[in-house]
Amino acid sequence: AIKATQAKQALLNKRKHQKGKQIQFKRLEAFVRDSWRKQRDDIRLRRMEQRPGQTAVPQEHKLAFVVRIVDIKGVSRRVKRVIELLRLRKNFTGTFVKLTPLSLKMLRIVEPYVAWGHPNLKSVRELILKRGQAKIKKKRVPLTDNMLIEEHLGVYGIICLEDLIHEIYSAGKYFKKVTNFLWPFHLSVARHASRNKVGFLKEMGKPGCRGEAINQLIRQLN
């Protein structure tokens, strides 16, 4: 009877352990890759500080759309922090960014992991109409009713979708209020990506500044 009880207890303990978090083993290749990526980031950021590039905002462009297209496992803490500030916590999420000397510096820090450029009015409108979601009490709410916009942004003179689109595209006075009201855009990844990852990444192109070619990427992922 005692042996049977002990066996039962051992079985229960085993099941309890299995229900908990499984132990994850990290392959040596993953450690090497993460270490190499962190080292590369540190060297790149050090060079950036020694030779600061152009931080002047181009007169003709005030707005950028930023999409994360590369995984960030093993990156340096500084890169991860900027990714979090841009709210790009997952691959193929995008946000609108108002171009300032500070935001340009942030984009340079995360340049190997994001694609960014200058969206046109058509791209801004299509993104907001198709994928726009409001962040209300930490919940996602589709932008299907102008009353919702007026309730939360009416105090800034933004009472409908067209006002919201105009405020973002013109990078207006209340741009930050509007972008904080919106969830980051979760873009669509084509079904063939899982079957042909190499071909899909080639299709995506390289990370970095794409200028007005970002509109093509938006059409592809929207």
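Taking every residue in region 153-164 that is among the aliphatic types (A, V, I, L, M) and pairing it with any residue that is assigned to a loop (DSSP other than H, G, I, E, B), at least 6 positions away or on another chain, the pairs with Cβ-Cβ distances below 6 Å are LEU164/ILE158.
Among the residues of region 109-129, those identified as in contact with a strand residue (DSSP E or B) (Cβ under 9 Å, 6 or more places away or on another chain) and part of a helix (DSSP H, G or I) are GLU111, PRO112, TYR113, SER123, VAL124, LEU127, ILE128.
Against the condition open to solvent by less than 60 Å² (accessible area, probe 1.4 Å) and either among the small types (Gly, Ala, Ser) or at pLDDT 90 or above (or both), how does HIS118 come out, does it pass? So HIS118 passes the test. Considering region 97-107, the residues that are in contact (Cβ under 8 Å) with a residue 24 or more places away in the chain and open to solvent by 60 Å² or more (accessible area, probe 1.4 Å) include one that is nearest to GLN50 (Cα to Cα), namely LYS105. In this structure, SER170 does not qualify as closer than 20 Å to ARG37 by Cα, touching a residue at least 24 places away in the same chain (Cβ under 8 Å) and more than 15 Å from the chain's Cα centre (by Cα). In a residue-by-residue description of region 185-199, the property of being at pLDDT 90 or above, open to solvent by 30 Å² or more (accessible area, probe 1.4 Å) and either among the basic types (Lys, Arg) or not in a helix (DSSP H, G or I) (or both) applies to at least one position.
Residues in region 111-155 that are polar (S, T, N, Q) and closer than 14 Å to ALA64 by Cβ: 2 in all. Filtered by the rule that a residue be touching a residue at least 60 places away in the same chain (Cβ under 8 Å) and β-branched (Val, Ile, Thr), region 65-96 gives VAL67, ILE69, VAL70, THR93, THR95.
Conditions (1) assigned to a loop (DSSP other than H, G, I, E, B); (2) within 23 Å of ILE109 (Cα to Cα); (3) modelled with pLDDT under 85, marked per residue:
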position	(1), (2), (3)
GLN18	no, no, yes
ARG37	no, yes, yes
ASP71	yes, yes, no
ILE83	no, yes, no
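The values are calculated or read from the model by the stated rules, or taken from the named source; none is laboratory data. Computed from a predicted model, the values in this text were never measured in an experiment. As a convention, Cβ positions derive from the backbone with ideal geometry for all residues, glycine included, and neighbour counts pool all protein chains shown. These area figures cover heavy atoms from the full protein model, side chains too; ligands, DNA and RNA do not enter into them. Shrake-Rupley method; radii C 1.70, N 1.55, O 1.52, S 1.80 Å.
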